[in-house]
Structure formats: C-alpha cells, structure tokens
Amino acid sequence: MRNLKTILITGGAGFIGSHVVRRFVNNYPNCKMVNLDKLTYAGNLENLTDIEKKPNYTFVKGDIVDGAFIDELFKKYSFDGVVHLAAESHVDRSITHPTEFAMTNVIGTINLLNAAKKHWAGNYDNCLFYHVSTDEVYGSLGADGLFTEETSYDPRSPYSASKASSDHFVMAYYHTYHMQVMISNCSNNYGPNHFPEKLIPLAIHNIKESKPVPVYGKGENVRDWLYVEDHAAAIDLAFHKGRVGETYNIGGHNEWKNIDLIYLLCEIMDKKLNRATGTSAKLITFVKDRAGHDLRYAIDSSKIQRELGWTPSLVFEQGLEKTVDWYLANDKWLNDVTSGEYQKYYKGQYEER
Ligand code: NAD
Ligand code: DAU
C-alpha cells in the first residue's frame with residue numbers, strides 16, 4: 001500500500017474529479033489533498049460542498065497550461081503524488097475547438113510532468129504520477145472485440161488525439177527519466193454531477209423539460225457505461241496498490257447502443273415523473289451525426305480485476321435510476337449549469353446543426 005503525504009488532484013471540480021476528491025479526502029484523513037482546477041464551464045465547486053471544510057482538503061484555482069504557476073505550486077506544497085484528471089473532455093467541443101484540447105490536455109500534462117520531474121528529482125521512489133485517461137485512445141471497434149492494455153493506439157477525434165498524446169508523454173517520462181507513473185484508460189462514465197453536454201445528463205435534462213432528445217445518426221453507436229463512483233474506486237485502488245509503469249483498463253462490461261440506452265432512460269423518467277408510458281420516448285429526435293463518430297468502445301478490464309480485485313459494484317439499471325434520482329433531487333444544480341453560456345452552446349450545437 002502506497003502511503004503518500006500530499007497529493008495534487010487536478011480537475012477535482014469536474015465530474016469524475018469531484019468523486020475522486022471526495023473519496024480520497026474521506027478515505028485518507030492523514031493525507032493532504034490539494035484540488036487544482038481552472039473552473040472552466042465544466043468545473044463546479046458546488047460538486048464538493050460536503051467536503052470543502054475538511055482539514056485535509058484545499059482548493060486552488062489555477063490553469064495547468066501556466067507552467068510557471070504549476071512550478072510554484074509544487075514548490076509550495078511539496079506534493080509526493082499527483083492524480084491528473086484536468087482536461088477538456090467533450091468530443092463535440094474538440095471538433096470545433098481542437099487547439100484548446102491540445103493546450104490543456106497535452107501542454108498542461110507536460111507542465112505537470114516537468115514540475116514533478118524537477119521537484120522529485122532523485123527521489124522518485126516515494127512519489128507517483130497517476131494519469132487518468134480514456135478508452136477513446138484505442139480508436140473504434142467493429143461489432144466484435146474488446147480494448148485490452150495491448151491494443152494499439154488509434155485516436156480519431158481531436159479529443160482522443162490529445163489524450164493519446166498525453167498518455168505517450170507520461171510513458172516517455174517513465175522510460176526516459178524513470179519517473180514513477182501509472183495510467184488508467186476508462187470507458188464512458190455516468191452518474192451525479194455529470195455536465196449536461198454529455199449524452200445521459202443531457203437526455204435527462206431534456207426529458208425533464210419535455211424538450212427534444214437528440215440522438216446522433218441512427219443511434220447505433222455503442223458505449224460501455226460505468227458508474228462514476230466505480231471509476232473513482234478503481235483509481236483509488238490502482239493509485240495505492242497498482243504497479244508502477246503499468247496501464248490499467250477500467251470498464252463496466254456494460255455495452256449499450258445509444259438508442260437502447262435512451263429508450264431505457266425514457267422508461268425510467270416516465271415512472272419517476274408520473275408520465276404515461278411512452279411519453280418521454282416521443283421526444284427522441286434523430287439529428288445529424290457527429291463527424292468521425294467512433295462506432296463502438298468496449299473495455300476488457302480483466303487486468304485490474306485480476307491484479308487488484310476491482311469490480312463494478314452497480315448494475316446499469318440500478319445506476320441509471322440512481323442517477324435520474326440525483327438529477328431530479330438537484331434542480332438547482334441543473335438549473336445553474338444550464339443557464340447562461342450553456343444556452344449559447346446548446347443553440348450552436350443542436351439548433352444550428
Ligand atoms: P470534466 O470536463 O467534467 O472536468 C474537467 C475538469 O478539469 C473541470 O473541473 C475543469 O474546470 C478542469 N480543467 C479544464 N481545463 C483545465 C486547466 N487548463 N487547468 C486546470 N483545470 C482544468 O471531465 P470529466 O468527465 O470529469 O473527465 C475527467 C478526466 O477523466 C479527463 O481527463 C477525461 O479525459 C477522463 N475520462 C473521462 C471519462 C468520461 O466518461 N467522462 C471517461 C474516461 C476518462
Ligand atoms: O469513452 C470515454 C469517453 O466517454 C470520455 O473519454 C469522454 O471524456 C466522454 O465525454 C465520453 O465520450 P463520448 O463521446 O462517448 O460521450 P458523449 O456523452 O458525448 O456521447 C456518448 C454517445 O452518445 C456517443 O456515441 C455520441 C452520442 N450522443 C451524444 C450526445 C451529446 C448523441 O447521440 N447525442 C448527443 O446529444
């Protein structure tokens with residue numbers, strides 16, 4: 001069991017980051033957790049109100065693209081661990097703004113690696129740089145097969161290209177400088193605090209408002225969904241017990257065609273909102289497909305299951321219902337994040353599509 005003293009968690013105000021921060025702060029009270037986040041449109045400190053006053057938690061607002069600032073932060077806190085989640089994460093935005101993805105996801109990661117290299121120099125043994133990545137780096141599957149840790153990288157969107165590049169830099173610092181690193185590549189997450197630009201929270205929001213639910217193309221694309229707390233648990237396990245220099249694939253063994261998932265969600269929402277069966281499904285609207293839309297992702301997570309004993313805790317129907325309950329109970333959170341800028345984004349992305 002790795003026993004670190006001061007951990008930098010980047011992107012901790014975002015969707016997955018907030019679940020990771022909460023878990024680390026609660027599970028390791030003797031370890032100081034510093035959450036560094038730029039608070040872009042996707043970052044929200046409301047995600048962390050329950051732990052913000054804990055003595056082992058500190059929030060710092062800042063940009064990982066600012067190398068001098070990152071260097072100062074390492075000097076100030078003497079981190080011995082990094083869990084790096086900060087990123088631009090939405091594929092559709094990467095199609096319209098690829099450079100921003102290269103800056104944050106590639107340059108931001110290099111800045112963190114450089115600061116770690118400088119401040120840990122000669123003392124890598126007691127330090128770990130943990131990089132949170134995605135299954136999208138492996139490209140797109142046909143009808144069969146799974147992504148394993150040995151699958152060749154084949155990124156196809158600006159988002160996945162930037163994540164693949166950052167993964168390569170992390171491994172380059174392992175091989176070249178012997179920095180202690182680890183990477184995990186996870187499938188699609190869902191759950192509370194998910195920004196409603198992504199399929200599940202966007203559909204929940206639109207169904208709730210009785211607005212059209214946009215399904216790209218024919219809804220035939222397949223994703224492998226994992227409840228976000230199960231991903232946070234896997235990161236916790238790998239960070240504390242995983243092998244240095246390794247990659248761990250994390251996934252739910254839970255493949256759904258988008259259209260089937262949306263029908264299931266509509267059924268759940270009809271029940272929760274006391275609507276007649278079939279009401280929400282009438283909102284489904286097929287829209288122009290995403291450019292370069294990857295057909296299918298599916299993860300073989302047998303390595304992390306075998307080596308570290310991790311397994312997903314929730315079946316999808318349970319997790320989806322729990323997620324819907326969270327959104328319906330957190331009206332204010334949803335209203336706050338869908339006002340202002342979001343309206344402009346939504347219009348550009350869907351109404352002018
Ligand atoms: P998110 O978009 O919800 O959150 C990203 C966070 O990073 C936000 O809080 C944002 O403010 C912060 N951030 C962005 N740019 C920054 C910068 N320049 N400096 C500092 N902070 C910055 O993303 P997410 O869905 O929680 O994803 C987190 C990580 O997990 C990402 O690296 C992503 O690639 C990876 N991932 C996501 C999924 C998924 O399904 N969402 C699956 C696998 C891997
Ligand atoms: O696989 C892991 C990845 O999953 C993460 O690395 C990314 O950060 C995360 O955003 C997610 O990427 P996807 O592109 O798979 O997620 P998204 O929710 O955007 O889309 C899921 C599927 O639903 C995809 O096939 C596109 C489709 N879709 C999406 C939206 C937003 C629609 O049909 N309609 C929509 O409005």
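The values are calculated or read from the model by the stated rules, or taken from the named source; none is laboratory data. A quick note: this is a predicted structure, and the numbers were derived from the prediction, not measured. Backbone-built Cβ (ideal geometry, glycine too); neighbour counts: all protein chains shown. When the accessible area is computed, the model is the full protein with side chains, heavy atoms only, and any ligands, DNA or RNA have been set aside. Shrake-Rupley method; radii C 1.70, N 1.55, O 1.52, S 1.80 Å.
Descriptive notes on the structure:
- Candidates 39, 73: the one that is open to solvent by 20 Å² or more (accessible area, probe 1.4 Å), out of contact with any Cys (no Cβ under 9 Å at 6 or more places or on another chain) and of a type in the set (A, V, I, L, M, F, W, C) is 39.
- Residue-level check: of (1) under 26 Å from residue 352 (Cα atoms); (2) open to solvent by 20 Å² or more (accessible area, probe 1.4 Å); (3) within 16 Å of ligand 2 (Cβ to nearest atom); (4) of a type outside the set (S, T, N, Q), residue 282 misses just (3).
- Single residue of the range 175-229 satisfying the filter (of a type in the set (S, T, N, Q) and either in contact with a Cys (Cβ under 7 Å, 6 or more places away or on another chain) or free of Cβ contacts under 8 Å to residues at least 12 places away in the same chain (or both)) that is farthest from ligand 1 (Cβ to nearest atom): 176
- The set of residues in the range 149-174 that are part of a loop (DSSP other than H, G, I, E, B), out of contact with any Ser or Thr (no Cβ under 7 Å at 6 or more places or on another chain) and within 16 Å of ligand 1 (Cβ to nearest atom) comprises 151, 153, 155.
- Members of the range 211-229 found to be more than 11 Å from ligand 2 (Cβ to nearest atom) and either modelled with pLDDT under 95 or open to solvent by 20 Å² or more (accessible area, probe 1.4 Å) (or both), listed by number: 211, 229
- Yes/no for residue 198 being within 11 Å of ligand 2 (Cβ to nearest atom), basic (Lys, Arg), open to solvent by 20 Å² or more (accessible area, probe 1.4 Å) and within 27 Å of residue 147 (Cα to Cα): yes
- Residue list for the range 315-353, filter: touching a strand residue (DSSP E or B) at 6+ places or on another chain (Cβ under 9 Å) and either modelled with pLDDT under 95 or within 16 Å of ligand 2 (Cβ to nearest atom) (or both): 316, 319, 320, 323, 349, 350, 353
- Elements of type helices (runs of 4 or more DSSP H) in the range 82-142, at least 3 residues being more than 10 Å from ligand 2 (Cβ to nearest atom) and open to solvent by 30 Å² or more (accessible area, probe 1.4 Å): 98-101, 108-120
- Filter result (more than 16 Å from residue 206 (Cα to Cα) and open to solvent by less than 60 Å² (accessible area, probe 1.4 Å)) within the range 321-347: 340
- Test: residue in the range 247-265 that is open to solvent by 30 Å² or more (accessible area, probe 1.4 Å), at positive phi, within 16 Å of ligand 1 (Cβ to nearest atom) and not charged (D, E, K, R): yes
- Test: residue in the range 262-280 that is in contact with a Gly (Cβ under 6 Å, 6 or more places away or on another chain) and not in a strand (DSSP E or B): no
- Condition check for residue 240: out of contact with any Phe, Trp or Tyr (no Cβ under 8 Å at 6 or more places or on another chain) and open to solvent by 60 Å² or more (accessible area, probe 1.4 Å): no
- Which numbered condition residue 46 fails, given (1) surrounded by fewer than 19 Cβ atoms within 10 Å (Cβ to Cβ); (2) touching a residue at least 12 places away in the same chain (Cβ under 8 Å); (3) not in a helix (DSSP H, G or I): (3)
- Breaking point among (1) more than 14 Å from ligand 1 (Cβ to nearest atom); (2) of a type in the set (A, V, I, L, M); (3) buried (at least 21 other Cβ atoms within 10 Å of the Cβ); (4) in a helix (DSSP H, G or I), for residue 232: (1)
- Taking the range 16-36 as the range and being assigned to a helix (DSSP H, G or I) and open to solvent by 30 Å² or more (accessible area, probe 1.4 Å) as the test, the residues that pass are 16, 22, 23, 26, 27.
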